[in-house]
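Have a look at the structure below before the remarks.
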Amino acid sequence: MRALTDRELDAYNMLPRPLAGRVRIVKVPVLTPGTAGMTLGRFVLLTNDTDRDGTCQLLAHELVHVRQWHELGAPRFLFRYLRSYAQQLVRHRHHQRAYRAITFEVEAYNVADVWMRMDRISVAGGEIPTGR
């Protein structure tokens with residue numbers, strides 16, 4: 001288990017820095033099939049934790065979920081997440097399409113996509129978002 005690096009704290013601006021400082025990354029050997037990351041409160045489970053330079057889109061996506069958990073609290077987040085999944089599963093009748101239509105997932109994918117497209121500047125041999 002680890003905290004975000006200073007570089008990651010600077011780069012991932014999708015959640016307030018005090019909350020980002022409480023995030024813990026947990027490398028796990030396996031998650032459900034087709035899953036590379038999962039968030040449980042302030043704990044982000046990743047099957048691959050090699051990108052620690054502040055450029056990992058998956059981590060950006062999971063950090064949006066950390067913010068969602070924090071804003072709603074565990075019971076409300078879980079209820080709304082599961083309700084949204086159930087509604088989308090009835091609508092789409094396909095797990096992957098239902099998952100991608102969950103309101104929390106739509107937000108996390110959108111925020112991570114925008115974050116990845118941000119202008120980046122070279123810093124100490126790598127790149128971090130400039131916020132422009």
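Here are a few things to note about the model shown:
- Expressed per residue, the C-alpha convex hull volume of region 2-129 stands at 102 Å³.
- Along the axis of the charge dipole computed for the chain (Cβ charges of +1 for Lys and Arg, -1 for Asp and Glu, origin at the Cα centre), the listed residues 39, 66, 92 are led at the positive end by 92.
- Counting only DSSP beta bridges with both residues in the chain, the antiparallel share comes to about 70 percent.
- Taking every alpha-carbon pair under 8 Å whose residues sit at least 6 apart, the chain reaches a relative contact order of 22 percent.
- Distance between the 7 Å Cα→Cβ label points at residue 71 and residue 90: 2.5 nm.
- Each Lys and Arg contributes +1 and each Asp and Glu -1, all at the Cβ; summed about the Cα centre of the chain, the dipole is approximately 540 debye.
- The residues packed around residue 24, meaning those with a beta-carbon under 14 Å from its beta-carbon, carry a net charge of +2 if Lys and Arg are +1 and Asp and Glu are -1.
- Ordering of 17-23, 31-37 by burial proxy (mean other Cβ atoms within 10 Å per residue, highest first): 17-23, 31-37
- Set against the 2.2 N^0.38 Å expectation for a compact globular protein, region 40-106 has a Cα radius of gyration ratio of 1.23.
- The residue list 56, 108, 18 was ranked by how far each Cα lies along the charge dipole of the chain toward its positive end, using unit charges on Cβ atoms, and 108 comes out on top.
- Label-to-label distance for residue 1 and residue 118 is 2.7 nm, based on points extended 7 Å past Cα in the beta-carbon direction.
Just so you know, all these numbers are worked out from the coordinates, no wet-lab data involved. Owing to the predicted nature of the structure, the values given are computational and were not obtained by experimental measurement. Reconstructed Cβ throughout: ideal geometry from the backbone, glycine too, with neighbour counts over all protein chains shown.
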